Each structure stands twice: as C-alpha cells, then as structure tokens.
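A quick write-up on the structure given underneath.
The values are calculated or read from the model by the stated rules, or taken from the named source; none is laboratory data. Bear in mind the structure is a predicted one, so any value in this text is a computation, not a measurement. Neighbour counts run over all protein chains shown; Cβ positions are idealised from the backbone, glycine included. Side chains included, ligands, DNA and RNA excluded: accessible areas come from the protein's heavy atoms. Shrake-Rupley method; radii C 1.70, N 1.55, O 1.52, S 1.80 Å.
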Amino acid sequence: MRIGEIPVNERIQIRVVQGDLRFECEAIIVAKRDDKLYLSPIKHEGQIIDFRGDKLQILAFYVGNGGQAVGWSACRIKKDIVHGKLCHVLTSSRDSVRVNRRMEKRIRTDMRAALRTMSMEKEVEINLKNYSLGGVGFVSALDIRESEFYPVALLFADHVQGFRISMRIHILRKLPYQDNLFYYGAQITPAEDRWVDYVQKKMTDLQARQKKPDLSAQL
C-alpha cells in the first residue's frame with residue numbers, strides 16, 4: 001500500500017525518533033495530491049512543529065477498517081499550503097508493511113491508580129486500563145498538556161498482593177475517550193526490577209488460570 005492511498009478524513013499516527021527522544025501524535029488527512037498526504041497542522045505547546053533535524057526518524061502508522069495496522073518508514077514531513085491553509089505534508093517512498101504496534105503482552109485491568117505531573121501539588125486519581133513490563137494505559141478527565149508529558153509520577157498499588165510502587169512515566173499518546181475523558185499511553189522510564197517481577201508473576205498466574213480446565217461443565 002502506498003501512503004497516498006489512505007482516504008481523506010482518516011487519522012494517521014506519527015512517531016518521531018531522535019536518539020533517545022521519542023514523540024508520538026495523531027493527525028487528520030485533509031487532502032491528497034501526487035502520493036502526498038496533507039495533514040492537519042501538528043503542534044507542540046501551541047506551536048506548529050518543524051520536522052527538520054539531524055538523524056530524525058519519522059514513521060507513520062495507519063489502521064484500516066479491518067483493524068490491521070500498517071506502517072511506513074523513511075517518512076518526510078514538511079510545511080505547505082493547501083486550500084489556503086498551512087498544513088503538514090507527509091510522504092514516503094516506500095510501500096507499507098504490516099505491523100503489530102502492541103506486541104508487548106499487556107494485562108487488561110480496571111483499577112484505580114494515581115499520578116502527579118510537575119505542576120500538580122498533589123496526586124490525582126486515574127483509571128488504569130492496562131499495564132505491561134514497560135508501559136501503562138490509563139483514562140482520566142485530566143487534559144494534560146504536552147509540556148507535562150514527562151516526567152510524570154505514577155503511584156500503583158495492588159492491595160490484594162500488598163504491592164505498592166511509585167514509578168516515573170513518559171506519556172507518549174493522548175487520545176479522546178468516551179464521556180469527555182482522555183486515554184493516555186505511557187512508557188515506564190525505567191521499569192524497576194520489582195515491577196518486572198510483579199508483572200511477570202501476574203502474567204504467569206493469568207496463563208495458568210486460562211489453561212485450567214472448566215470442570216463445571218462436567219458436573
């Protein structure tokens with residue numbers, strides 16, 4: 001699939017990597033022309049981003065109606081004008097490849113946790129939706145600004161297991177959610193050994209329960 005084949009009004013995800021720094025965002029395709037995608041302006045802290053830079057890697061991802069994600073590497077983004085408005089133009093000389101952006105095993109949950117950004121005086125409760133060895137996904141009514149995406153302190157507590165830990169996370173994604181909430185995806189930087197041990201034990205327990213036969217049907 002060529003990148004210019006994505007329909008107008010669809011959303012495309014952009015990942016920019018420069019050394020140890022990583023930035024992720026989402027943009028709407030507002031027009032197409034000559035295998036180029038014209039995107040709604042991508043901003044950071046209210047300013048339109050200039051994607052020029054040394055050793056800058058830009059990748060794009062798109063999920064079609066079938067749910068399969070595809071991606072393009074070696075992308076370029078520059079500013080241009082379309083329909084009289086400033087926008088970003090996305091191009092890639094390569095065909096798409098199928099990708100699985102969620103290869104890391106995750107534990108689905110619905111539990112309370114708390115976080116605090118640098119500007120907050122106290123922790124705020126959030127709803128944790130999933131977690132893994134290296135990341136978390138959570139929902140909150142907080143409209144966290146991009147300038148507050150890192151560092152963020154996350155307080156996780158499993159009262160049944162008597163496990164409690166405070167971790168530093170880096171928010172990578174912010175998406176609209178239902179009921180005026182936001183969904184956030186974040187990376188743990190770095191994951192402590194005791195967090196890794198806790199998650200691995202959880203995964204082992206879940207796998208054991210899934211393999212356990214259901215005897216109720218035999219009674």
Going through Val152, Val199 one at a time, which residue ends up being surrounded by 14 or more Cβ atoms within 10 Å (Cβ to Cβ), aliphatic (A, V, I, L, M) and under 15 Å from Lys105 (Cβ atoms)?
Val199
Can you pull out the strands (runs of 3 or more DSSP E) entirely within segment 77-178 that have at least 1 residues that are among the charged types (D, E, K, R), more than 27 Å from Leu59 (Cα to Cα) and at pLDDT 90 or above?
107-116, 124-131, 152-158, 163-176
What do you reckon, is Tyr131 open to solvent by 100 Å² or more (accessible area, probe 1.4 Å), closer than 16 Å to Ala186 by Cα and not charged (D, E, K, R)?
no
Given (1) out of contact with any helix residue (DSSP H, G or I) (no Cβ under 8 Å at 6 or more places or on another chain); (2) over 20 Å from Glu26 (Cα atoms); (3) buried (at least 16 other Cβ atoms within 10 Å of the Cβ), number of the condition Ala208 does not satisfy
(3)
Filtering segment 171-180 down to residues that are surrounded by 14 or more Cβ atoms within 10 Å (Cβ to Cβ) and either free of Cβ contacts under 8 Å to residues at least 60 places away in the same chain or more than 18 Å from Phe23 (Cα to Cα) (or both) yields Ile171, Lys174, Tyr177
Qualifying residues in segment 8-27 (those that are within 22 Å of the chain's Cα centre (by Cα), at pLDDT 85 or above and more than 15 Å from Lys78 (Cα to Cα)) - the one surrounded by the fewest Cβ atoms within 10 Å (Cβ to Cβ):
Asn9
How many residues, within segment 10-69, are in a strand (DSSP E or B), of a type in the set (S, T, N, Q) and free of Cβ contacts under 8 Å to residues at least 12 places away in the same chain?
1
